[in-house]
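Notes follow once the structure below has been shown.
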Amino acid sequence: MNNTYYGKLIYELSQPGRQGYSLPENRCAEYKMSDLPKGLMRENAPLLPEVDELSVVRHYTNMSNNNFGVDTGFYPLGSCTMKYNPKINEEIAAHREFTGLHPLQNPLTTQGALAVYYFLQTSLAEISGLSEFTLNPYAGAHGELTGLMIMRGYHMERGDMKRTKVIIPDSAHGTNPASSAVCGLDVVTVKSRPDGTVDVDDLRPLLDDTVAGMMMTNPNTLGIFEQNIGVIAKAVHEAGGLMYYDGANLNPMLGKVRPGDIGFDIMHINLHKTFSTPHGGGGPGSGPVGVRAGLEHLLPNPRVVKVSEDDYDYFKVECSDKSIGSISGHLGNFGVMMRALAYILTLGRDQLKWVGPLATLNANYIKESLKDVFELPIGGVCKHEFVFDGLKDKSTGVTTLDVAKRLLDYGFHAPTIYFPLLFHEALMIEPTENESKQTLDEFIRIMRVIAQEAKDNPEMVKSAPHNTPVRRLDDTQAALHPIVTWRELVADSQVADSQVAE
Ligand SMILES: *Cc1c(COP(=O)(O)O)cnc(C)c1O
């Protein structure tokens with residue numbers, strides 16, 4: 001795949017005087033120039049690449065070929081639910097009748113969009129067994145913050161001001177403690193038992209009258225269903241706290257278990273994960289928050305409400321002063337909502353019930369097929385994802401990072417690595433419900449090939465990837481100091497590499 005355009009920056013293709021457009025002579029140039037205040041006029045022409053149209057097309061097409069996505073290959077990135085995003089969702093979300101709307105338009109002229117919002121809101125309430133949802137938050141973490149503000153609002157409303165503690169299991173996603181801190185709450189960690197579930201004995205002493213609530217995800221980040229959820233919810237409620245459900249792991253529950261039925265009071269859903277929107281690289285997302293009956297008045301402003309007149313319904317956008325306030329501009333990420341509703345409606349009630357069981361079946365199939373060569377710290381039936389603790393044979397020195405890099409050579413996206421933090425060599429695999437048995441079998445075959453390579457030729461695995469556009473990057477530097485604009489002088493190849501990685 002080596003050609004003139006490959007791996008080059010667009011500026012490196014620049015040739016003086018070359019251009020990709022032809023415009024008629026600007027007859028207003030003189031007039032316009034004299035209109036501009038002197039201080040605002042540029043003295044030198046902007047430093048733009050001088051390229052023809054075909055070079056631009058080839059450049060960007062080649063760049064896009066360096067990308068990995070669900071549409072190019074298997075993407076078992078644990079915790080991220082990289083499921084296939086049906087193309088019909090895109091078509092529906094792109095309808096001009098919706099994309100052309102302005103959030104400040106008179107609601108009388110946006111009744112269709114408000115109906116979408118309301119219908120999705122009530123569908124999510126039914127799917128999760130809660131009373132009402134807001135679709136305003138922009139992401140899962142934003143939903144967590146919104147939910148915690150509702151939790152705090154609930155206690156403050158009752159004059160119970162000393163409840164500032166949030167209990168979070170040590171297996172939790174990093175956003176849980178981060179959102180609590182942003183909300184001004186104190187994080188208290190509860191330990192996991194050897195099987196990865198919450199240690200109820202460790203929890204009980206933490207439950208006093210300073211507890212605002214507990215955040216949990218179920219199944220937890222190890223893919224294990226918390227069997228004790230009934231006992232845990234009862235204990236937290238008896239202590240006066242509320243139960244928050246991190247709904248990023250709702251996928252395996254679809255059609256099987258509703259968070260509202262197992263003791264949760266507040267939750268968020270990651271629409272971009274469970275309800276299929278292309279995500280990663282920062283967006284777009286949507287983190288609707290649902291509450292049980294009795295907490296609805298605290299949901300953020302603005303809200304979409306249905307008004308039923310004698311023979312017709314219409315929708316209003318309302319604000320209430322009992323609410324926790326506004327947490328986003330207007331009503332959230334509407335395009336993601338359209339995709340989610342399209343996904344729910346194309347599957348329908350009966351097929352939505354198969355999402356969870358199939359995701360669970362696929363994860364268990366991979367786990368059972370590989371547990372003789374990869375270390376499985378927590379056995380038994382998992383839900384939609386599971387965690388290996390590196391290769392079983394540690395004597396080769398080949399680490400989880402090396403396995404992940406070698407997978408890239410075979411055209412697979414790597415699983416999530418070194419998360420959760422409970423194990424040293426975590427390798428977290430989530431196949432989702434979409435993959436065929438053939439794809440799963442091929443992934444299993446390659447994982448076994450890599451395990452064998454680790455024995456036969458460990459140095460080769462440790463220096464992987466060998467076939468990718470760029471080799472091993474300095475991930476930390478690339479994340480901490482991303483170079484996203486072109487600079488004329490790129491000092492060393494390391495920097496150039498992290499630039500390409502962007
Ligand atoms: C993805 C995820 C989150 C955060 O969601 P974002 O939409 O990325 O903000 C929280 N908890 C868990 C378990 C997750 O997997």
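The values are calculated or read from the model by the stated rules, or taken from the named source; none is laboratory data. Predicted, not measured: the structure shown is a model, and the values here were computed from it. Every residue, glycine among them, receives a Cβ derived from its backbone with ideal geometry; neighbour counts consider all protein chains shown.
Table: residues versus (1) small (Gly, Ala, Ser); (2) surrounded by fewer than 20 Cβ atoms within 10 Å (Cβ to Cβ); (3) more than 16 Å from the ligand (Cβ to nearest atom).
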residue: Pro137; (1), (2), (3): no, no, no
residue: Gly143; (1), (2), (3): yes, no, no
residue: Gly153; (1), (2), (3): yes, yes, yes
residue: Ile168; (1), (2), (3): no, no, no
residue: Lys191; (1), (2), (3): no, yes, yes
residue: Gly196; (1), (2), (3): yes, no, no
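Tallying residues that are within 16 Å of the ligand (Cβ to nearest atom) and touching a strand residue (DSSP E or B) at 6+ places or on another chain (Cβ under 8 Å) within segment 251-270 yields 6. Among helices (runs of 4 or more DSSP H) entirely within segment 82-130, having at least 3 residues that are within 30 Å of Pro415 (Cβ to Cβ) singles out 87-93, 111-128.
In the set (1) hydroxyl-bearing (Ser, Thr, Tyr); (2) crowded, with 22+ Cβ neighbours inside 10 Å; (3) without any contact (Cβ under 8 Å) to a residue 40 or more places away in the chain, the condition left unmet by Thr221 is number (3). Scanning segment 239-246 for any residue that is at pLDDT 95 or above, more than 22 Å from the chain's Cα centre (by Cα), buried (at least 24 other Cβ atoms within 10 Å of the Cβ) and part of a loop (DSSP other than H, G, I, E, B) turns up at least one such residue. Looking across segment 282-318 at every residue that is within 16 Å of the ligand (Cβ to nearest atom) and surrounded by fewer than 18 Cβ atoms within 10 Å (Cβ to Cβ), the one that is farthest from Phe133 (Cα to Cα) is identified as Gly282.
Where strands (runs of 3 or more DSSP E) fall entirely within segment 289-398, those with at least 1 residues that are farther than 30 Å from Ile450 by Cβ and touching a helix residue (DSSP H, G or I) at 6+ places or on another chain (Cβ under 7 Å) are at 289-291, 303-308, 313-318. Based on what the data block shows, is Ser180 outside any loop (DSSP other than H, G, I, E, B), within 16 Å of the ligand (Cβ to nearest atom) and over 23 Å from Val305 (Cα atoms)? Answer is yes for this residue. Of all residues in segment 1-19, those satisfying the criterion of being at pLDDT 75 or above and surrounded by fewer than 14 Cβ atoms within 10 Å (Cβ to Cβ) are Glu12, Gln15, Pro16, Gly17, Arg18, Gln19. Considering the conditions (1) more than 10 Å from the ligand (Cβ to nearest atom); (2) in contact with a helix residue (DSSP H, G or I) (Cβ under 7 Å, 6 or more places away or on another chain); (3) at pLDDT below 95; (4) more than 19 Å from Leu120 (Cα to Cα), His279 is excluded by exactly one of them, (1). Residues in segment 112-148 that are acidic (Asp, Glu) and closer than 30 Å to Asp186 by Cβ were compared, and the one that is nearest to the chain's Cα centre (by Cα) is Glu144.
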